[in-house]
Amino acid sequence: MLKNSEKALQNRFADLEEVACANQARVLKAFKEYQVNDSLFAPSTGYGYNDRGRECLEQIYARVFSCQEALVRSQIVSGTHAISACLFALLRPGDILLSLTGSPYDTLTTIIGKNGSVRGSLLQKGIAYQEIALTEEGRPDFPEIAGVLAKIRPRLALIQRSRGYSTRPALDVASIEKIAALVKEHSPQTVIMLDNCYGEFTEVVEPGGAVDLMAGSLIKNPGGGLAPAGGYICGKEGLVEQVADHLTAPGLGRELGASLISSRSCFQGLFVAPHVVLQALKGALLVAHLFQQAGYRVYPSWDEQRADIVQGVELRDQDEVLRFCQVVQSNSPVDNHITLEYAPMPGYEHQVVMAAGTFIQGSSIELSCDAPLRSPYIAYLQGGLTYEHCRIVAAALVEEIILKQ
Ligand SMILES: *Cc1c(COP(=O)(O)O)cnc(C)c1O
């Protein structure tokens with residue numbers, strides 16, 4: 001079964017290898033341009049003034065992601081924090097935040113305050129929120145986006161690249177560019193912000209040039225499985241400064257913030273990220289093909305274009321989801337003896353089960369799987385540091401799920 005799937009996927013794998021090669025070259029070029037040397041890997045202390053390692057890493061991020069400026073910090077605790085910092089830094093009472101791609105990722109619900117008056121939420125601070133639903137096929141509704149933009153002229157428009165916990169397709173860079181062009185046309189003052197989580201290095205170009213600001217997590221794609229914590233924010237110079245002022249304090253901005261975690265891991269993680277993303281994508285394709293052949297619905301299907309590393313597999317019920325996640329957990333290098341169950345998680349509306357037998361806590365560029373407790377019962381699998389590991393897990397999934405259905 002495994003061998004047949006791999007054979008059927010040969011051409012897809014070859015295409016993805018091309019993408020990884022192009023991205024590796026782009027990253028290497030930035031490392032050469034900024035003359036990375038090992039004195040930049042030393043940690044800094046205290047205020048972190050004149051932290052040359054931090055500054056160099058941020059310049060490289062900006063270059064690799066086609067942005068003017070970047071903040072890459074361990075003080076940004078997660079992807080959610082990175083996005084939240086951008087929203088709170090830029091939105092004022094009376095402003096409107098408009099989501100252009102349906103409901104944003106689960107953890108943003110609390111930040112926005114969508115589900116009632118949540119302490120400290122955007123809504124509580126007097127910032128209004130609206131969203132434009134996706135079409136039935138889960139694509140951006142371009143005519144509706146144009147109409148609403150022209151009418152309400154929001155201060156900030158949010159785009160989400162990855163599918164998140166949903167069955168909609170991830171947005172490719174061309175679609176992000178198309179949406180951004182619509183915003184520029186119909187509401188030129190609006191800040192275009194992209195949630196770039198899980199999208200990095202899945203295509204040969206990054207969407208940084210098309211948007212004003214974007215954010216993501218270092219324990220996903222760009223950390224390459226090596227960065228031990230942190231988040232990044234990239235974008236236009238003036239905007240990144242505003243977010244930095246919010247993250248530290250007005251006037252302190254980006255000048256402070258010691259590199260307390262290993263800078264080398266962040267440099268090295270970015271360097272290997274194109275390859276690690278390739279491993280994850282190949283693993284996702286293999287699982288997609290195996291389950292599709294066995295009659296399951298998968299998102300995306302194996303022959304579809306990919307723009308994130310997430311693979312959804314629709315299972316029959318919550319028990320099958322739990323077993324699926326357990327197979328991933330039991331075949332992980334860390335915590336493989338653990339028995340999983342559904343539990344509430346901070347920031348998430350529904351209970352979730354998470355398989356994360358990872359070296360870095362919660363790292364989802366490492367092979368991991370999560371599923372919210374809601375219908376349809378979909379397990380979202382992502383990551384994989386080596387294709388070989390993905391392959392072992394795929395074989396176990398065949399054994400424990402497909403052959404026992
Ligand atoms: C993971 C993710 C986030 C939030 O990231 P955390 O680091 O888990 O806080 C936001 N948006 C999307 C689409 C994500 O995949």
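A simple rule links phi to the HN-Hα coupling: the Karplus curve 6.51 cos²θ - 1.76 cosθ + 1.60 with θ = phi - 60°, which for the stretch 372-382 gives x, 7, 7, 8, x, 7, 10, 9, 9, 9, 8 Hz, with x for Gly and Pro. Taking 0.36 nm per residue of separation and subtracting the current Cα-Cα distance, fully stretching the chain between residue 249 and residue 119 would add 44.7 nm. Taking a ≥ b ≥ c as the square roots of the eigenvalues of the alpha-carbon gyration tensor, the stretch 185-315 is classed oblate because a/c is 1.5 or more while a/b is no larger than b/c.
Here the stretch 301-316 and the stretch 111-189 have alpha carbon centers that stand 23 Å from each other.
An oblate overall shape is assigned to the stretch 140-246, the ratio a/c of its alpha-carbon gyration tensor axes (a ≥ b ≥ c) being 1.5 or greater and a/b not exceeding b/c. The phi torsions of the stretch 273-290, fed into the Karplus equation with coefficients 6.51, -1.76 and 1.60 and a -60° offset, translate into couplings of 4, x, 6, 5, 4, 4, 4, 5, 5, 5, x, 4, 4, 4, 5, 4, 5, 4 Hz, rounded to whole numbers, with Gly and Pro shown as x.
For the chain, what is the convex hull (Cα atoms) projected area averaged across all directions, in square nanometres? Before the final figure, lay out the partial values.
Values: hull surface 75.4 nm².
About 18.9 nm², averaged over all directions.
Against the compact-protein benchmark of 2.2 N^0.38 Å, the Cα-based radius of gyration of the stretch 1-66 scales to 1.72.
Please pull out the direction-averaged projected area of the stretch 33-101, using the convex hull of its alpha-carbon atoms, in nm² to one decimal place.
Its Cα hull, projected and averaged over all orientations, spans 6.9 nm².
Taking amide H as placed 1.01 Å from N in the peptide plane, residue 352 has its amide H under 5 Å from the amide H of 343, 345, 373, each at least 5 places away in sequence or on another chain.
The radius of gyration of the Cα set in the stretch 1-115, together with its Dmax, comes out at 20.2, 58 angstrom. What translational D, rounded to a whole number of µm²/s, comes out for the stretch 252-405 from Stokes-Einstein when the hydrodynamic radius is the Kirkwood one over Cα pairs, at 10 °C and 1.306 mPa s? My calculation gives 97 µm²/s for D. The slack between residue 33 and residue 45, meaning 0.36 nm per residue of separation minus the straight C-alpha distance, is 1.6 nm. Packing around the peptides 48-54, 82-88, 365-371, taken as the average count of other Cβ atoms within 10 Å per residue, puts them in this order, highest first: 365-371, 82-88, 48-54. Shape class of the stretch 353-398 from the alpha-carbon gyration tensor: oblate, with a/c at 1.5 or above and b/c at least as large as a/b.
Relative contact order of the stretch 1-99: 17 percent, from C-alpha pairs under 8 Å at least 6 residues apart in sequence. Loop-located GluC sites (Glu not before Pro) in the stretch 78-166 (DSSP state other than H, G, I, E, B) with a sparse environment of at most 12 neighbouring Cβ atoms within 10 Å: 136, 137. Residue exposure proxy: 233, 338, ordered by other Cβ atoms within 10 angstrom of their Cβ from fewest to most, comes out as 338, 233.
Could you work out Rg/(2.2 N^0.38 Å) for the stretch 281-339, with Rg from alpha carbons only?
1.20
Taking the DSSP beta bridges with both ends in the chain, the antiparallel portion is around 60 percent.
Placing a pseudo-label 7 Å from each Cα along the Cα-to-Cβ vector at residue 13 and residue 142 gives an inter-label distance of 3.6 nm.
Over the chain, what is the relative contact order in percent, taking alpha-carbon pairs closer than 8 angstrom and at least six residues apart? Value for the chain: 19 percent.
Read-outs: derived from the displayed coordinates by stated rules, not from any lab. In this text the structure is predicted, and so the values were computed from the model without any measurement. Every residue, glycine as well, gets a Cβ built from its backbone with ideal geometry; the counts of neighbours run over all protein chains shown.
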